[in-house]
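Undergrad: First the structure, then my questions, so here it is.
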Amino acid sequence: MYVGVCVNHSWDRDIEKQFSDIVENGFHHCQLVSWIPQKWTDEEAAKIKAAAEKLGVVVTAFWCGWEGPCVWNFYEGQQTLGLVPPEYREMRIKNLCDGADFALKFGVKDVVTHMGFIPENPNDPLYAGFIESVRAVAEHLKSNGQNLLFETGQETPVAMLRAFEDVGTDNLGVNFDTGNVILYGKANPVDAIDVIGKHIKNIHAKDGLYPTNGRDLGEEVKIGTGKANLPEFLRKMHSIGYDGPVIIEREISGEQQNIDILEAKALLESVIAEF
């Protein structure tokens, strides 16, 4: 295993400077997160590829956002997130396919996104259309030689596993966010490995607390102070043969974000050194 960090692809920051900043902090792996389809151009892809090669940075996955509304709670989230809401599916299928094509231009084969609140009931009227939409994206990525990774969060591990089975392509996997399954109250990260561990291809190292009301997510906190138990999670992942990236995600801003990321790096690397 090796530790990396998320890099947010933005309008106002030069990608070479962003890569240079993470290298100064001792990182050589990252997951590139982008919610800007207008910036998925050949020119931008060339800049990313050149900057990564120059600075020795490996982009382990492309986190692909999509257009339209998104509300990160248990009410409006059901109606706005991912490929579940029918009114946004066509647009977001295109976003995900375009993002995958963009990532391929700088050599990235794993494409990550949130799929939304996958219905726990497979007989839900939304479910069949959702599966068809995921299959359309997965088949496009397969033609590129790429994988489509579901980021954990809005769904239970069992609902995610069922979706993999029903989509039926062999290029689906999990970007396991150890904080999200807690923030959404969907699982314990260590136990969830029993359900979807064999499908985990990327990890977001994050921590959090469980929800305390029925509308809002739990609170994200710095690694080591929440319920995720990253050391035990990594030990169990190691025991099933995982040897991929562990990408730190800390969803705050400012200097404290950098402090928390560096503390997380030291903690995670000390655990990995045991293997």
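The values are calculated or read from the model by the stated rules, or taken from the named source; none is laboratory data. Because the structure is a prediction, the values reported are computed rather than measured. Methodologically, a virtual Cβ is constructed for each residue, glycine included, from the backbone with ideal geometry; neighbour enumeration extends over all protein chains shown.
Undergrad: How many of the residues in segment 199-220 are among the aliphatic types (A, V, I, L, M), free of Cβ contacts under 8 Å to residues at least 60 places away in the same chain and more than 25 Å from THR60 (Cα to Cα)?
TA: Counting residues in segment 199-220 that are among the aliphatic types (A, V, I, L, M), free of Cβ contacts under 8 Å to residues at least 60 places away in the same chain and more than 25 Å from THR60 (Cα to Cα) gives 1.
Undergrad: If you check ASN171 against the conditions, is it among the polar types (S, T, N, Q) and surrounded by fewer than 17 Cβ atoms within 10 Å (Cβ to Cβ)? So that I can check it myself, show each step before the final result.
TA: Working: among the polar types (S, T, N, Q): yes; surrounded by fewer than 17 Cβ atoms within 10 Å (Cβ to Cβ): no.
No, not satisfied.
Undergrad: Something else about it: Which of the residues spanning segment 242-275 are polar (S, T, N, Q) and within 21 Å of the chain's Cα centre (by Cα)?
TA: SER253, GLN257, ASN258
Undergrad: Of the residues GLY173, GLY107, only one is in contact with a Lys or Arg (Cβ under 7 Å, 6 or more places away or on another chain) and farther than 30 Å from VAL190 by Cβ; which?
TA: Working: GLY173 fails: farther than 30 Å from VAL190 by Cβ.
Result: GLY107 is the single residue among GLY173, GLY107 that is in contact with a Lys or Arg (Cβ under 7 Å, 6 or more places away or on another chain) and farther than 30 Å from VAL190 by Cβ.
Undergrad: Kindly list, by first and then second residue, each pair from a residue in segment 243-264 that is closer than 16 Å to THR178 by Cα and at pLDDT below 95 to a residue that is among the charged types (D, E, K, R) and surrounded by 12 or more Cβ atoms within 10 Å (Cβ to Cβ), limited to pairs with Cβ atoms under 9 Å and residues at least 6 apart or on different chains.
TA: Here the result reads none, with nothing in segment 243-264 linked to a residue that is among the charged types (D, E, K, R) and surrounded by 12 or more Cβ atoms within 10 Å (Cβ to Cβ).
Undergrad: Could you look through segment 95-125, keep only residues that are under 17 Å from the mean Cα position of the chain (by Cα) and part of a loop (DSSP other than H, G, I, E, B), and pick out the one that is nearest to TYR75 (Cα to Cα)?
TA: PHE117
Undergrad: Return only the number of the condition from (1) in a loop (DSSP other than H, G, I, E, B); (2) closer than 29 Å to PHE164 by Cα; (3) touching a His at 6+ places or on another chain (Cβ under 9 Å) that GLU274 does not satisfy.
TA: (2)
Undergrad: Please work out if ASP243 is surrounded by fewer than 23 Cβ atoms within 10 Å (Cβ to Cβ) and not hydroxyl-bearing (Ser, Thr, Tyr).
TA: So ASP243 fits the description; yes.
Undergrad: So, one more: Pick from TRP40, TRP66: which is closer than 16 Å to HIS114 by Cβ, crowded, with 20+ Cβ neighbours inside 10 Å and in contact with a helix residue (DSSP H, G or I) (Cβ under 6 Å, 6 or more places away or on another chain)? Lay out the reasoning, then the answer.
TA: Numbers: TRP40 fails: closer than 16 Å to HIS114 by Cβ.
The unique qualifying residue is TRP66.
Undergrad: From GLY129, GLY185, which residue is surrounded by fewer than 17 Cβ atoms within 10 Å (Cβ to Cβ) and within 18 Å of the chain's Cα centre (by Cα)? Talk me through it step by step, then tell me what you get.
TA: Values: GLY129 fails: within 18 Å of the chain's Cα centre (by Cα).
From the options GLY129, GLY185, the qualifying one is GLY185.
Undergrad: Which of the residues that make up segment 189-198 are closer than 19 Å to THR60 by Cα and buried (at least 17 other Cβ atoms within 10 Å of the Cβ)? Break it down into steps so the answer makes sense when it comes.
TA: Just the residues of segment 189-198 that are closer than 19 Å to THR60 by Cα, to begin with: 197-198.
Selection gives GLY197 alone.
Undergrad: On the basis of being without any contact (Cβ under 8 Å) to a residue 12 or more places away in the chain, assigned to a loop (DSSP other than H, G, I, E, B) and over 28 Å from PHE27 (Cβ atoms), does VAL71 make the cut?
TA: yes
Undergrad: Against the condition without any contact (Cβ under 8 Å) to a residue 60 or more places away in the chain and within 25 Å of ILE259 (Cβ to Cβ), how does GLN78 come out, does it pass? Give the derivation first.
TA: Details: without any contact (Cβ under 8 Å) to a residue 60 or more places away in the chain: yes; within 25 Å of ILE259 (Cβ to Cβ): no.
Against the criterion (without any contact (Cβ under 8 Å) to a residue 60 or more places away in the chain and within 25 Å of ILE259 (Cβ to Cβ)), GLN78 does not qualify.
Undergrad: Suppose we filter GLY99, GLY145, GLY116 for residues that are touching a strand residue (DSSP E or B) at 6+ places or on another chain (Cβ under 8 Å) and either of a type in the set (S, T, N, Q) or modelled with pLDDT of 95 or more (or both); which single one remains? Please lay out each step first, then the result.
TA: On the way: GLY145 fails: touching a strand residue (DSSP E or B) at 6+ places or on another chain (Cβ under 8 Å); GLY116 fails: touching a strand residue (DSSP E or B) at 6+ places or on another chain (Cβ under 8 Å).
Sole residue among the options that is touching a strand residue (DSSP E or B) at 6+ places or on another chain (Cβ under 8 Å) and either of a type in the set (S, T, N, Q) or modelled with pLDDT of 95 or more (or both): GLY99.
Undergrad: Identify, please: which residue in segment 69-88 is of a type outside the set (Val, Ile, Thr), buried (at least 19 other Cβ atoms within 10 Å of the Cβ) and under 19 Å from the mean Cα position of the chain (by Cα) and is, among those, nearest to GLU139 (Cα to Cα)?
TA: My answer is LEU83.
Undergrad: Hey, could you check segment 1-37 for residues that are free of Cβ contacts under 8 Å to residues at least 60 places away in the same chain and of a type in the set (Val, Ile, Thr) and say which is surrounded by the most Cβ atoms within 10 Å (Cβ to Cβ)?
TA: Restricting to residues being free of Cβ contacts under 8 Å to residues at least 60 places away in the same chain and of a type in the set (Val, Ile, Thr), the top hit is VAL7.
Undergrad: Go through (1) farther than 20 Å from GLY26 by Cα; (2) touching a residue at least 40 places away in the same chain (Cβ under 8 Å); (3) among the aliphatic types (A, V, I, L, M) and name the single condition VAL195 misses.
TA: (2)
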